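Please read the structure below before turning to the comments.
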Amino acid sequence: MSERQPVSEAAPRLGPDAIAWPPVWPRVLDAEFGPPPAGEYRATPEDFQVAEALDFAPEGEGEHLWLHIEKRDLTTAMAVRELARLCEVSPRDVGYSGMKDRVAVTRQWLSVRLPGREAPSGLAEALAECGIRVLAEARHPRKLKRGVHRANRFRLRITGAALADPALEARWARLVTQGVANIFGPQRFGPDGRNLHRARSLLARGWRKRDDRDGMLLSAARSFLFNELLAERVQEGSWNRLLPGEVAILDGTASQFRVEAPDAELDARSARLDLHGSGVLWGVGDSVAEEEALAREVRLPERYPALCAGLERAGVRLARRPLRLRLGEPHLIRGEDELWLAFSLPRGAFATAVLRELIAHPTL
């Protein structure tokens, strides 16, 4: 069966397994306000500030040195390579929780395994020459693992024509009160969707870890499928309400339960952003969704059989992701020719999901 174009595309059906790029996944606020005006963001790294939040602190002893760093105009992978080089260890001995953008000023923890020895003399000074400032350091018994941070705190600067939009504050208020569609951002797919196209080719011939050591391509494929499912829910207006058979996720947690039939209490909790509907991250396993919610999920392998079958052959486990985000500690500060947004998002969420509802920009 041929895969069809993304739900938001109106072009003719393509050949087998083809995916048109870029997709035009719908915005939530267009129905009420129309498309947003053009705007600029991330003109400089200082315009895009991110701070990673952990729920714990290093214990103070152990064979791993943990460094709280601030990096500018560097990806996390670049920072990992520099730390490994200076400590004369393999990059595999360096741990991190989340991948952070390059064109940004970001704060996060890294760990480096140094059993029985101290850090090289002048390590902080050498890192500073690479654009990495050490804010704190401590020892810990274990390597920093992927995905253990709780949230990311963002501070973003917006400029351009969007500042003259009389509905800008109203758009922001809607996001604060009704939440944000939890779409995977464009950086997940790479320039021109390169990661997704590579993933499709790799899955077609059989995924091997040596070809995708960090699982980036698997993630791109799963993220695309999730975005397609979310786009369908946005188009029909059900992205922010519970469906019969929906798997609800409690806000800020991994707790899940199936909603047999939405009632007044559950609808009220959903309206308060206490819980959210969820979408499938495709993989091996049975979905616990039922009825109307499950009917949407089972259409994914009908529309994208190669991606879904390839993920199953790769052995990735089925998981779930909230369809909606709640903005934590949201603030909007308007200046004379700029606007600053501040908010926190749970790990795995993208600040570009917020920006795309407020401004039009080629990268969003």
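Each reported figure results from applying straightforward, stated rules to the coordinates on display, with no laboratory input. These numbers come from a predicted model, not from an experiment. Heads up, the Cβs are rebuilt from the backbone with ideal geometry, glycines too, and the neighbour counts pull from every protein chain shown.
For the stretch 323-346, the set of residues classified as surrounded by fewer than 16 Cβ atoms within 10 Å (Cβ to Cβ), in a loop (DSSP other than H, G, I, E, B) and either without any contact (Cβ under 8 Å) to a residue 24 or more places away in the chain or within 13 Å of the chain's Cα centre (by Cα) (or both) consists of GLY335, GLU336, listed by residue number.
Name the pairs whose Cβ atoms lie under 8 Å apart, with the first residue in the stretch 247-261 and without any contact (Cβ under 8 Å) to a residue 60 or more places away in the chain, the second assigned to a strand (DSSP E or B) and of a type outside the set (A, V, I, L, M, F, W, C), and 6 or more positions between them or separate chains? Pairs found: ALA248/GLN256; ALA248/ARG258; ALA248/HIS276; ALA248/SER278; LEU250/GLN256. Scanning the stretch 286-323 for residues that are on the phi > 0 side of the Ramachandran plot and of a type in the set (Gly, Ala, Ser) gives a single hit, GLY315.
Yes/no per residue for (1) basic (Lys, Arg); (2) surrounded by 16 or more Cβ atoms within 10 Å (Cβ to Cβ):
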{"position": "GLY277", "(1), (2)": "no, yes"}
{"position": "ASP286", "(1), (2)": "no, no"}
{"position": "GLU297", "(1), (2)": "no, yes"}
{"position": "TYR304", "(1), (2)": "no, yes"}
{"position": "LEU318", "(1), (2)": "no, yes"}
{"position": "ARG321", "(1), (2)": "yes, yes"}
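Which residues, counting only those in the stretch 110-156, are of a type in the set (Lys, Arg) and either part of a strand (DSSP E or B) or farther than 26 Å from GLY328 by Cβ (or both)? Of everything in the stretch 110-156, those that are of a type in the set (Lys, Arg) and either part of a strand (DSSP E or B) or farther than 26 Å from GLY328 by Cβ (or both) turn out to be ARG113, ARG117, ARG133, ARG139, ARG142, LYS143, ARG153, ARG155.
Give, as residue ranges, the helices (runs of 4 or more DSSP H) completely inside the stretch 165-236 that count at least 1 residues that are out of contact with any Ser or Thr (no Cβ under 9 Å at 6 or more places or on another chain) and under 18 Å from ALA306 (Cβ atoms).
Details: elements: 168-178, 194-205, 216-236.
Here the list reads 194-205, 216-236.
Scanning the stretch 68-106 for residues that are of a type in the set (A, V, I, L, M) and within 23 Å of the chain's Cα centre (by Cα) yields ILE69, LEU74, ALA77, MET78, ALA79, VAL80, VAL94, MET99, VAL103, ALA104, VAL105. The residue that is farthest from GLU290 (Cα to Cα), counting only those in the stretch 244-274 that are surrounded by fewer than 13 Cβ atoms within 10 Å (Cβ to Cβ) and under 22 Å from the mean Cα position of the chain (by Cα), is THR253. All conditions in (1) more than 16 Å from the chain's Cα centre (by Cα); (2) of a type in the set (D, E, K, R); (3) within 25 Å of GLU169 (Cα to Cα) hold for ARG313, with the sole exception of (3).
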